[in-house]
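Bear in mind these aren't lab numbers, they're just calculated from the coordinates by the rules spelled out. In this text the structure is predicted, and so the values were computed from the model without any measurement. With ideal geometry, Cβ positions are generated from the backbone for all residues, glycine too; neighbour counts draw on all protein chains shown.
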Amino acid sequence: MKKIECFIRPEKLEAVKSGLFDKGIKGMSVNEVKGHGSQRGIKFVGRTGEYCVEWIDKLKLEIVISDKINIDEIINTIIENAQTGKPGDGKIFIIPIENAIRIRTKEKGEDIL
């Protein structure tokens with residue numbers, strides 16, 4: 001199993017979610033987060049001068065998938081639906097999952113997905 005954590009622009013959630021549902025992904029968690037990458041925020045110029053918004057609103061999606069699913073296809077779906085081509089599009093992290101347990105029934109492994 002693999003866990004995909006991705007940080008995307010909030011306005012891209014519906015497109016990413018729809019694309020993942022079309023690929024058979026049934027469940028995911030979504031959290032509202034704030035952060036910045038190497039650009040260290042966004043600089044604006046207003047009437048009072050230049051100012052920086054350091055913490056940018058993002059959404060963090062967490063998805064656990066079976067090893068039977070083609071992870072490259074899922075990653076490409078996220079990229080196609082989240083990409084604007086501008087800084088701040090987000091990042092994707094892939095983490096191996098050792099095991100998974102359903103609390104209610106104590107079932108283990110990929111069957112709980």
Angle check, please: helix 71-82 long axis (alpha carbons) against the longest principal axis of the chain (alpha carbons), in degrees 0 to 90, nearest 10. 30 degrees
Just want to confirm a number: the relative contact order over the chain, from Cα pairs under 8 angstrom separated by 6+ residues, in percent. 42 percent
Once both label points are put 7 Å beyond Cα along the C-beta direction, the GLU54-LYS23 separation in nm becomes 3.5 nm
Please give the contour-minus-distance gain from LYS108 to GLN83: 0.36 nm per residue of separation, less the Cα-Cα distance, rounded to one decimal in nm. 5.5 nm
Treat every Asp and Glu Cβ in the chain as -1 and every Lys and Arg Cβ as +1, leave all other atoms uncharged, and give the resulting dipole magnitude about the Cα centre to the nearest 20 debye. 280 debye
What does the charge add up to near LYS43, with Lys and Arg as +1, Asp and Glu as -1, over the other residues with Cβ less than 11 Å from its Cβ? -1
Length gained, ASN99-GLU5, 0.36 nm per residue minus C-alpha separation, equals 32.2 nm
Based on the alpha-carbon set only, what is the convex hull volume of segment 2-112 divided per residue, in Å³? 123 Å³
Compute the acute angle (0 to 90°) between the alpha-carbon long axis of helix 13-22 and the principal axis of greatest extent of the alpha-carbon atoms of the chain; round to the nearest 10°. 30 degrees
Once the dipole of the chain is set up from charges on Cβ (+1 Lys and Arg, -1 Asp and Glu), the residue from the list SER18, ASN99, VAL45 lying farthest towards its positive end is VAL45
Connecting C-alpha atoms closer than 10 Å in a GNM of the chain, tell me which of ALA82, ALA15, ALA100 has the biggest fluctuation. ALA100
Grab the Cα-Cα distance for GLN39 and ASN70, subtract it from 0.36 nm times how many residues apart they are, and report the gain in nm with one decimal. 7.9 nm
